[in-house]
Amino acid sequence: MAKQSVYSAETGLKRILRGSVALATILTAMAAAAQEQRQQDATRLAPIIVEGGEGAANAATGPVDGYVAKETTTGSKTGTPISEIPQSVSVIGRDEIEDRGVVNKVDEILRYTPGVTTEPFGVDADTDWFYIRGFDATQTGVFLDGLNLFSYGFGGFQIDPFMLERVEVLKGPASVLYGGANPGGIVNMVSKRPTGETSAYAETGINSNANAFLGFDVNGILNEGVNYRVTGKVSGGENYTDFSNDLRGFILPQVTIERDDATSLTVYGLLQGLDQRHVGGSFLPYVGTVEAASFGKIDRKAFFGEPDIDTGTYVQQMLGYEFKHEFESGWSFTQNLRYGHLYKHEDAPYTYGYYDPDAVFPAPSYVNAPVTPDNLLYRLGFEHTSKVDTFAVDNRVEGEFDTGALSHTLLVGLDYKFYRLDQEQASSAATPISATDPIYGVPQPPNRIYINQEITQQQLGVYAQDQIRFGDGWIVTLNGRYDYVDTKTENGPTYWDPAQNSTFDYNESALSGRAGLGYEFANGITPYISASTFFNPIVAVTMTGNTKPEEGDQFEAGIKYEPTFLDGVFTASVYQLTKQNVVVTDPLTMVSSQMGEVRSRGIELEGKVNINESWKLIAGLDFIDLEITEDANTALIGNTPYLIPDTQASLWLDYTVQDGALEGMSVGAGVRYQGESWADNENTAKVPSATVFDAGIRYEKNDWGAALNVANLFDKEYVSGCGGLLTCGYGDARTITFKLSKKW
């Protein structure tokens with residue numbers, strides 16, 4: 001009975017948030033329009049002043065001052081002080097990215113961000129892995145300049161860190177602003193944009209694996225009111241595991257047209273590609289990585305594919321624009337639009353437990369089976385081709401007005417996104433390979449197509465947000481959103497079903513809401529509370545009727561502190577997040593259903609400080625308690641999902657010499673700690689904790705720069721995570737990166 005009461009109370013609250021919050025924001029929009037009309041002749045609203053270049057207009061999307069960002073757009077879709085967002089937000093700017101020596105992947109940028117787990121399977125050259133508050137954001141929680149980079153299967157885009165100005169993480173549900181998305185939070189990558197100045201930057205370098213890079217970034221003025229920026233990079237060479245190598249690059253030209261102070265248009269295009277032989281060290285058995293097998297542990301540099309077969313290629317293009325116009329009334333209209341195309345192909349045998357000559361197919365139960373005399377690992381052949389077309393557009397109207405003692409910032413928007421994936425996946429039972437002495441070149445059986453489908457998803461959403469300020473410090477944020485989602489899956493012939501020709505189509509609508517309350521004290525302390533609901537559409541429609549979106553709610557409370565005597569931002573938050581309608585599979589019938597539920601509870605602490613001209617500091621700490629609260633397999637209820645560490649902590653301290661013989665010299669050092677995690681949902685095996693140190697030294701003089709960064713300074717050998725007892729991955733090995741740079 002108690003459980004039923006709690007459920008009823010939570011259901012009632014969700015209805016309030018979805019109904020009354022959505023209604024309140026829409027009524028507020030109508031009231032605002034009426035109020036503006038009544039006051040149009042009597043009182044002229046003060047116009048919003050927009051400055052160019054690096055002024056206030058870019059404070060929420062432009063360069064971060066040192067390590068401390070004060071404004072963001074990710075948590076509100078409009079430039080807002082971080083202290084006024086009723087959820088936890090982390091911002092990593094260009095200076096921090098450079099100081100820590102991040103070169104190739106975005107997930108490396110978030111290694112020091114509390115509440116975010118990255119690279120859970122170790123280094124993966126063609127995928128950026130993100131888990132936020134325990135939930136996978138890799139496919140549904142990645143955004144570029146506020147537009148979704150949705151992906152499914154292997155049809156995902158990848159962005160090079162060199163093209164980014166900052167990376168922002170909104171923790172907790174984001175459906176009220178962005179529609180269907182990962183419940184744990186989103187990662188929003190913010191691109192570099194033309195600055196309206198003339199400048200140039202070039203860098204070149206190489207790491208200890210003999211992987212080199214060359215990048216350039218040029219800003220210029222074509223004529224009055226027309227600015228451009230061209231950013232590009234090429235890199236390639238060997239990787240830390242045997243036989244692995246890659247060649248990657250991109251070019252990003254942009255033009256910004258500002259004919260007057262009221263209107264701006266930025267048009268951009270991106271061409272990016274990767275050609276690789278895959279990195280090893282991932283998807284290995286628990287016994288042999290976390291625990292020693294009879295022969296010891298598997299060498300983390302070992303390669304268990306086929307060098308003559310292994311290939312990985314993608315080519316992606318994007319074309320888009322950002323338009324903004326300020327009306328004389330003080331209201332503004334903004335439109336972001338982007339089209340993207342991706343072609344991706346991979347062919348790579350990979351391991352799946354140990355080879356058992358008496359078994360037809362390996363399974364987790366074989367992981368502790370007696371190892372054959374040759375210590376053979378079982379392998380699966382795998383090949384896929386993915387073709388993606390995606391389109392997204394977001395239209396927003398924003399304005400400020402007063403109603404009595406209340407000051408409003410109202411945002412009303414309409415967005416649409418389209419995603420189409422044409423994919424084929426094929427597999428085979430490949431030949432086994434020795435875990436201790438791999439021999440390559442044995443002919444492999446042909447891969448057979450088991451997935452041949454085209455998936456299309458469309459989503460149309462209308463949303464409203466009212467940020468209300470009153471009483472010399474009170475801040476109320478109300479959000480409401482309605483979405484309509486249509487998903488279609490067309491299945492074609494496969495090896496197992498040559499005559500297959502089936503289509504599954506469904507559409508759903510969803511309401512989501514957010515209500516937040518905070519109070520900003522004069523000393524910079526802002527306590528806040530918020531409640532929000534979310535939804536996340538299920539893409540793969542099956543005959544079992546998996547047609548409902550995942551949904552749930554979050555409650556969060558915290559304190560944000562911006563000291564008046566110090567340039568810094570501190571955040572402490574506590575939350576409870578519940579995801580329902582999770583797709584689970586009954587272990588007896590193997591039938592999937594949406595009866596799963598996972599609850600995430602946690603505490604997050606983060607601080608970023610520019611202590612003075614010399615010292616900069618970032619620190620983070622998070623504790624998370626994940627629990628499976630409902631599942632088709634009742635034996636899992638009460639257990640903790642695999643992969644996510646129960647604790648994470650990080651600290652980075654940077655010092656720059658300001659005068660004397662060493663003027664321009666900087667040194668930085670950091671430590672990353674990840675706690676224990678489970679290797680399986682049955683909670684029978686754990687991945688131990690690990691502590692990793694990083695360091696860097698830089699020197700700049702007369703616009704020349706040199707930097708030496710070391711990730712995993714002491715070459716700690718550890719397993720970063722396991723997604724089951726057969727899919728464990730080694731963490732990053734020691735990597736030394738040397739870079740030379742020049743500014744003009």
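The values are calculated or read from the model by the stated rules, or taken from the named source; none is laboratory data. Because the structure is predicted, anything quoted here is derived from the model rather than measured. Note that each Cβ is placed from the backbone with ideal geometry, even for glycine, and that neighbours are counted across all protein chains shown. Keep in mind that these areas ignore ligands, DNA and RNA; they rest on the heavy atoms of the full protein, side chains included. Shrake-Rupley method; radii C 1.70, N 1.55, O 1.52, S 1.80 Å.
A few notes on this one:
- Subtracting the Cα-Cα distance of LEU708 and LEU247 from 0.36 nm times their residue separation leaves 163.7 nm of extension gain.
- Shape class for the stretch 175-241: oblate, because the ratio a/c of the largest to smallest gyration tensor axis (alpha-carbon atoms, square roots of eigenvalues) is 1.5 or more and b/c is at least a/b.
- With Cα atoms, 0 to 90° folded angle of helix 2-16 axis to the chain main axis: 50 degrees
- Annotation: per residue accessible area for the stretch 184-233 equals 36 Å², rounded to a whole number [probe 1.4 Å, protein chains only].
- Magnitude of the charge dipole for the stretch 465-509, about its Cα centre and with charges confined to Cβ atoms of Lys, Arg (+1) and Asp, Glu (-1), is about 160 debye.
- The stretch 595-677: trypsin sites (Lys or Arg not before Pro) in DSSP loop, at most 15 other beta carbons within 10 Å: none
- Centre-to-centre separation between the Cα atoms of the stretch 415-434 and those of the stretch 386-403: 31 Å.
- Once the 1.4 Å probe is applied to the protein heavy atoms, the stretch 68-146 comes out at 17 Å² accessible per residue.
- Listed by chain and number, the lysines placed with their C-alpha closer than 21 angstrom to that of LYS324 are LYS77, LYS192, LYS417; residues fewer than eight positions away on the same chain are left out.
- Value of Rg to Rh for the stretch 261-344, rounded to two decimals, is 1.37; Kirkwood radius and Rg both from alpha-carbon coordinates.
- Shape box of the chain [Cα atoms, principal axes, largest first, Å]: 89, 73, 45
- C-alpha long axis of helix 22-39 to longest principal axis of the chain, angle in °: 30 degrees
- Considered as an equivalent ellipsoid built on the Cα gyration tensor, the stretch 278-317 has semi-axes of 28, 12, 7 Å, the largest given first.
- Each Lys and Arg contributes +1 and each Asp and Glu -1, all at the Cβ; summed about the Cα centre of the stretch 51-178, the dipole is approximately 440 debye.
- Accessible area in square angstrom per residue, the stretch 654-693, 1.4 angstrom probe: 47 Å²
- Of PHE216, ALA531, SER614, farthest towards positive along the dipole that unit charges on Lys, Arg, Asp, Glu beta carbons give the chain: ALA531
- Using Cβ point charges alone (K and R +1, D and E -1), the dipole size of the chain about the Cα centre works out to roughly 500 debye.
- Euclidean distance between Cα centres, the stretch 591-670 to the stretch 443-467, Å: 29 Å
- For the stretch 77-196: Kirkwood Rh in Å [reciprocal of mean 1/r, alpha carbons]: 14.5 Å
- Charge context of ALA426, other residues only, Cβ under 11 angstrom, K/R +1, D/E -1: -3
- 3J(HN,Hα) along the stretch 521-528: 7, 5, 7, x, 8, 10, x, 8 Hz, from the Karplus curve 6.51 cos²θ - 1.76 cosθ + 1.60 with θ = phi - 60°, whole Hz, x for Gly and Pro.
- Surface share of carbon and sulfur [accessible, 1.4 angstrom probe, percent] for the chain: 58 percent
- Remark: the stretch 682-696, residue by residue, has Karplus-estimated 3J(HN,Hα) of 6, 6, 9, 9, 10, 9, x, 6, 8, 10, 10, 10, 10, 7, x Hz, where x stands for each Gly or Pro and the curve is 6.51 cos²θ - 1.76 cosθ + 1.60 at θ = phi - 60°.
- Rounded Å value of the spacing that divides the Cα centres of the stretch 312-363 and the stretch 145-207: 12 Å
- CD proxy at 222 nm, helix term only [per DSSP H run n ≥ 4: -39500 (n - 2.57); per residue of the chain; nearest 500]: -2000 deg cm²/dmol
- Karplus 3J(HN,Hα) series, Hz, for the stretch 155-163 with 6.51 cos²θ - 1.76 cosθ + 1.60 (x for Gly, Pro): x, x, 7, 9, 10, 7, x, 5, 8
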